[in-house]
Each structure stands twice: as C-alpha cells, then as structure tokens.
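Here the structure comes first, spelled out in structure tokens, and everything after it is commentary.
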Amino acid sequence: MNKSELVEALANGSGITKAAASRVLDTFIHTVTKVLRSGDQVVLPGFGSFSTRHRSARTGRNPQTGATIQIKAARVAAFRAGKKLKEEVQRG
C-alpha cells in the first residue's frame, strides 16, 4: 500500500474527504518526526511505538570495490509493534 492508497482507505473508513485525510496523515508524519527528532517516543497502545535508537560506528565494505570503509555512528528511527498488532498479523 502506498501513501495515496492509505489516504483513500482513511477517507473511506472515516467518512472524510481525501484532502482532509491527506492533511491528517501529513500532520501525523510531521508530528512523529518532530517528536523523534527531540529524542522522545510516540506510543500507540496496542499498535506499537516509534522511538530512536543509537547505532554504533562499524566497519563496512564497499560492494563495488571490496574496500573497507568506516560507517559513522547514527541515531536511527525504529518501530516496535505492539502486542495486538503482532497478534492480528499472526491471525492473517
């Protein structure tokens, strides 16, 4: 499912216009991004949580040349699925 399909599903499921659903989705993405940038997390009980994790510096390899390269440490976004979401996916 891509963004336009998600917007359409949100609009159909909630009875709002696609334009309004798109604004809601954009606001959600912006808000989650802003919260993660500040170092906090977003917790949606039953669905999951968005947080940041620290990834240590490590040695990698350039796939084209085979040369060894240093990959810098980074703060990355992470999502951890909640119990209800895990159960629903398993029922699939």
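The values are calculated or read from the model by the stated rules, or taken from the named source; none is laboratory data. As the structure is a computational prediction, the values presented were derived from the model and not from experiment. As a convention, Cβ positions derive from the backbone with ideal geometry for all residues, glycine included, and neighbour counts pool all protein chains shown. Surface areas here come from the heavy atoms of the whole protein model, side chains and all, with no ligands, DNA or RNA. Shrake-Rupley method; radii C 1.70, N 1.55, O 1.52, S 1.80 Å.
Calculate how large, on average over all directions, the projected area of the Cα convex hull of the chain is; give the answer in nm² to one decimal. If you can, show how the numbers build up before the last one.
Values: hull surface 36.5 nm².
That works out to 9.1 nm², a quarter of the Cα hull's surface.
Considering only protein heavy atoms, what per residue accessible area in square angstrom results for the chain with a 1.4 angstrom probe?
About 80 Å² of surface per residue is accessible.
Please compute the contact order of the chain in relative form: average sequence separation of alpha-carbon pairs under 8 Å and at least six residues apart, divided by the residue count, as a percent.
20 percent
State the percentage of accessible surface on the chain attributable to carbon and sulfur atoms; use a 1.4 Å probe and exclude ligands, DNA and RNA.
Numbers: 4020 of 7340 Å².
C and S atoms contribute 55 percent here.
Sort the range 47-92 into rounded, prolate or oblate with this rule: let a ≥ b ≥ c be the square roots of the eigenvalues of the Cα gyration tensor; rounded if a/c is under 1.5, and if a/c is not under 1.5, prolate when a/b is larger than b/c, oblate otherwise.
On the way: a/c = 6.08, a/b = 2.25, b/c = 2.70.
Verdict is oblate for the range 47-92.
Taking the simple approach of a point 7 Å from Cα along Cα-to-Cβ for both Asp26 and Leu44, what is their distance in nm?
The modelled label-to-label distance comes out at 1.9 nm.
If I take R0 = 30 Å and measure r between the Cβ atoms of Ser56 and Lys18 in this structure, what FRET efficiency does the formula 1/(1 + (r/R0)^6) give, to the nearest 0.05?
Values: r = 43 Å, r/R0 = 1.43.
Approximately 0.10, to the nearest 0.05.
Let me have the relative contact order for the range 3-49, percent, based on Cα pairs under 8 Å that are six or more residues apart.
Working: 20 pairs, mean separation 9.4, N = 47.
The value is 20 percent.
Label-point separation (nm) for Lys3 and Ala78, each offset 7 Å from Cα along Cα-to-Cβ?
Here the answer is 2.6 nm between the modelled labels.
Counting only helical runs of four or more DSSP H residues, what would the 222 nm mean residue ellipticity of the chain come to if each run contributes -39,500 (n - 2.57) and the total is spread over all its residues?
On the way: 3 runs with 41 residues, N = 92.
Calculated from helices alone, the mean residue ellipticity at 222 nm is -14500 deg cm²/dmol.
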